[in-house]
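Each remark here refers to the structure printed beneath this line.
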Amino acid sequence: MRGLMMDMPLSIPALLRRAESVHPHKAIVSRLVDRSVMRTTYAETLDGARRLAAALRALGVQPGDRVATFCWNHVPHLHAYYGIPASGAILHTLNIRLHAEELAYIVTHADDAVIIVDKVLWPVFEPVRARIGHRRIIVISDDHDIPPGTLHYGDLLAAQDDAPPFEDMDEHTGAVLCYTSGTTGRSKGVLYSHRALVLHSFAEALPDMLDLAEASRVLAVVPMFHANAWGLPFACALVGATQILPGPYLDAASIVSLLESERVTHTAGVPTIAHALLAHLDQHPGHDLSALRLMLVGGAAMPETTIRAFDDRHGVKVIHAWGMTETAPLGTISRVPSELADAPADEQYAWRATQGRPGPFVEVRARAEDGALVPWDDQAMGELEVRGPWVASAYYPGDDAPDRWTDDGWFRTGDIVTIEKTGRLTIHDRAKDLVKSGGEWISTVTLEAVLLEHEAIAEVVVIAVPHERWGERPLALVVATPGCRPTLPDVRQHLDGRVARWWYPDAVEVVDSLPRTGVGKYQKHRLREIYRDYFEESAPQ
């Protein structure tokens, strides 16, 4: 039909061409292994990306081949984020915190043709190499002392003086592959298309989402090997935002140092990082974080008291977001709507402690146990289902866990939610983590959030344990703050007036540590197995 707009592909190369032509001078800052700070530009970084793309082609990498990374957040990893998809291959980010056996399974399942490894991570990767057969290994190293049989990253790039420009490609082809954290079974692959990532970048930058602009200075504490780095490398390149990369140093002191010295405006990370930052700022007052406009927190619920503490004590605004590897990952964000601008502070904080409303083009609904869709009344609970242009339609390569999708194409998240009339989500638990006591549901997420407000509790996980009379009852597993040892009466007194009495844990166990996955999530399935006989032949107290 005459008069229609040009059908230009929504591809990573098109996004990169804009970055290279419009803001080549903008800075990219990276902390190195020796703790020094390196400064470069988009122009230099994109030149490295083109050289990497050309080097991979010279090694025989074909369109659609998977090229894996085993790296921290730094400039060469950005080369990979940009250059691998632009070459027609698929970037596959490997989680450096997984066990060697699980990593070997993922590499083999994805059939990675090439793996790019930080030399500093070689002791972690070496046990993986022994399990994956013959694959090309490229090592990022400041010197030439690299393991036998591997290729030197710098030498490969230096040999590509005539690297071609970024060329368009089919927007529906694969660009990036991420695997889930595998909390209850084998990790599953999620393949993002060029189109999905470009649309995700546009949405992420919007004012009511992350509000990214050319003037933004973004520190992604979330690792680049986790959930597509929450899309930040692509969204920042789209708008020309300065990127600050922390390298291997994710401790609170190092992060605060970068926040202050680089005048960071936006940062993003998981709740464990946020809690560590809050403790550090409380113990070391006087840091100038006046440039910091937004701290995005996702991966688990953040207690309202913590959100208030950042506001009241440090002037830092925490914004909740929800997403999954399967949603690329941005799903919802908890921005207080304009109609609540003049509402009491308590009402605004209550909103901010939820998961917020869906991003553009993300649609949500929830389904009850009986299969009926639940009303948007902020009361009825059901399993969250989502769909959208950057929500996965199947696991890679297409034949794994098809039951995670409904017959009409919605993804079953496994999260139990209520939905408010304007679409605001409150996640109450994972379906597998709810406690069903006497036929009624107890939210472990809600209990954990309230218990974290107790001054004697540093970490807490609440699990469902089989119970002869009630079916299941909650058990609280607690890591105490130094010098404290919370008891069951302490915990129950703290819960008075905050949750229903029948929700109270039947017991409190103080433990030294709690097991986590490679992305920092608690491994509740392991704890349920360890404590499955805890309430055997007992009744609630």
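How many residues are surrounded by fewer than 19 Cβ atoms within 10 Å (Cβ to Cβ), among the aliphatic types (A, V, I, L, M) and not in a strand (DSSP E or B) when one looks only at region 138-162?
Total meeting the criteria: 3.
Out of everything in region 385-403 that is outside any loop (DSSP other than H, G, I, E, B) and in contact with a Gly (Cβ under 8 Å, 6 or more places away or on another chain), what residue ends up being surrounded by the most Cβ atoms within 10 Å (Cβ to Cβ)?
First, pick out the residues of region 385-403 that are outside any loop (DSSP other than H, G, I, E, B): 385-387, 396, 402-403.
Still in the list and also in contact with a Gly (Cβ under 8 Å, 6 or more places away or on another chain): 386-387, 396.
On the way: 386: 25, 387: 19, 396: 21.
My answer is 386.
Looking at region 170-181, is at least one residue farther than 23 Å from residue 85 by Cβ and in contact with a Phe, Trp or Tyr (Cβ under 9 Å, 6 or more places away or on another chain)?
First, pick out the residues of region 170-181 that are farther than 23 Å from residue 85 by Cβ: none.
No: zero hits.
So the check is Cβ under 7 Å with 6+ separation or different chains; which pairs have a first residue in region 165-180 that's within 17 Å of residue 92 (Cα to Cα) and a second one that's assigned to a loop (DSSP other than H, G, I, E, B)?
Pairs that qualify, where the first residue is within 17 Å of residue 92 (Cα to Cα) and the partner is assigned to a loop (DSSP other than H, G, I, E, B), are 174/64; 179/187; 179/188; 180/187; 180/188.
Tell me, which residue of region 431-441 that is charged (D, E, K, R) and surrounded by fewer than 19 Cβ atoms within 10 Å (Cβ to Cβ) is nearest to residue 374 (Cα to Cα)?
Keep residues of region 431-441 that are charged (D, E, K, R), which gives 432-433, 436, 440.
Right, trim to surrounded by fewer than 19 Cβ atoms within 10 Å (Cβ to Cβ) and you get 432, 436, 440.
On the way: 432: 19, 436: 19, 440: 17 Å.
Only one residue fits best here, namely 440.
For region 230-253, enumerate the residues that are in a helix (DSSP H, G or I) and under 20 Å from residue 37 (Cβ atoms).
First, the residues of region 230-253 that are in a helix (DSSP H, G or I): 230-239, 252-253.
232, 233, 236, 252, 253, listed by residue number.
With the requirement that a residue be in contact (Cβ under 8 Å) with a residue 40 or more places away in the chain and farther than 15 Å from residue 426 by Cβ, what does region 299-316 give you? It would help to see each step written out before you state the result.
Of region 299-316, the ones in contact (Cβ under 8 Å) with a residue 40 or more places away in the chain are 299-308.
Result: 299, 305, 306, 308.
Do we have any residue at all in region 409-421 that's within 20 Å of the chain's Cα centre (by Cα), surrounded by fewer than 19 Cβ atoms within 10 Å (Cβ to Cβ) and either farther than 21 Å from residue 190 by Cα or not assigned by TED's automatic domain parsing to the domain that holds residue 510 (or both)? I'd like the intermediate steps shown before the answer.
Looking only at region 409-421, we keep the residues that are within 20 Å of the chain's Cα centre (by Cα), and these are 411-417.
With surrounded by fewer than 19 Cβ atoms within 10 Å (Cβ to Cβ) added as a condition, the list becomes 412, 414.
Now drop any that are not either farther than 21 Å from residue 190 by Cα or not assigned by TED's automatic domain parsing to the domain that holds residue 510 (or both), which leaves 412, 414.
Among the residues of region 409-421, at least one is within 20 Å of the chain's Cα centre (by Cα), surrounded by fewer than 19 Cβ atoms within 10 Å (Cβ to Cβ) and either farther than 21 Å from residue 190 by Cα or not assigned by TED's automatic domain parsing to the domain that holds residue 510 (or both), which makes the answer yes.
Being outside any loop (DSSP other than H, G, I, E, B) and at pLDDT below 80 is the filter here, so list the residues in region 431-447 that pass it.
Those that are outside any loop (DSSP other than H, G, I, E, B) and at pLDDT below 80: 440, 441.
Across region 469-490, what is the total count of residues that are assigned to a loop (DSSP other than H, G, I, E, B) and in contact (Cβ under 8 Å) with a residue 40 or more places away in the chain?
The initial filter retains those residues of region 469-490 that are assigned to a loop (DSSP other than H, G, I, E, B), namely 469-470, 481-487.
Still in the running and in contact (Cβ under 8 Å) with a residue 40 or more places away in the chain: 469-470.
Number satisfying all stated conditions: 2.
Is it true that residue 212 is buried (at least 19 other Cβ atoms within 10 Å of the Cβ), under 28 Å from residue 20 (Cα atoms) and modelled with pLDDT of 95 or more?
Values: buried (at least 19 other Cβ atoms within 10 Å of the Cβ): yes; under 28 Å from residue 20 (Cα atoms): yes; modelled with pLDDT of 95 or more: yes.
Answer is yes for this residue.
Being touching a Leu at 6+ places or on another chain (Cβ under 8 Å), surrounded by fewer than 21 Cβ atoms within 10 Å (Cβ to Cβ) and under 22 Å from residue 242 (Cβ atoms) is the requirement here; does residue 33 meet it?
Working: touching a Leu at 6+ places or on another chain (Cβ under 8 Å): no; surrounded by fewer than 21 Cβ atoms within 10 Å (Cβ to Cβ): yes; under 22 Å from residue 242 (Cβ atoms): yes.
Judged against the criteria, residue 33 is not a match.
Give me a count of the residues in region 494-533 that are modelled with pLDDT of 90 or more and of a type in the set (Phe, Trp, Tyr).
2
Can you name every one of the strands (runs of 3 or more DSSP E) wholly within region 254-352 that holds 3 or more residues which are in contact with a helix residue (DSSP H, G or I) (Cβ under 9 Å, 6 or more places away or on another chain) and within 28 Å of residue 239 (Cβ to Cβ)? It would help to see each step written out before you state the result.
On the way: elements: 266-269, 294-297, 318-323, 330-333.
The qualifying strands (runs of 3 or more DSSP E) are 266-269, 294-297, 318-323.
Could you please find all residues in region 421-460 being touching a residue at least 60 places away in the same chain (Cβ under 8 Å), of a type in the set (A, V, I, L, M, F, W, C) and touching a Pro at 6+ places or on another chain (Cβ under 9 Å)?
Hits for region 421-460 are 425, 442, 449, 450, 452.
Mind listing just one residue for me: the one in region 221-264 that is out of contact with any Ser or Thr (no Cβ under 9 Å at 6 or more places or on another chain) and among the charged types (D, E, K, R) and, of those, surrounded by the fewest Cβ atoms within 10 Å (Cβ to Cβ)?
Going through the qualifying residues, I end up with 251.
Residues in region 282-308 that are more than 23 Å from the chain's Cα centre (by Cα) and surrounded by 17 or more Cβ atoms within 10 Å (Cβ to Cβ): how many? I'd like the intermediate steps shown before the answer.
In the first step, residues of region 282-308 are kept if they are more than 23 Å from the chain's Cα centre (by Cα); the result is 282-291.
Add one more test, that the residue is surrounded by 17 or more Cβ atoms within 10 Å (Cβ to Cβ), and what stays is 289.
Going through region 282-308 one residue at a time, the tally reaches 1.
Take residue 450 and tell me if it is touching a His at 6+ places or on another chain (Cβ under 8 Å) and not in a loop (DSSP other than H, G, I, E, B).
Here the answer is yes, as residue 450 does meet what is asked.
The values are calculated or read from the model by the stated rules, or taken from the named source; none is laboratory data. Because the structure is predicted, anything quoted here is derived from the model rather than measured. Heads up, the Cβs are rebuilt from the backbone with ideal geometry, glycines too, and the neighbour counts pull from every protein chain shown.
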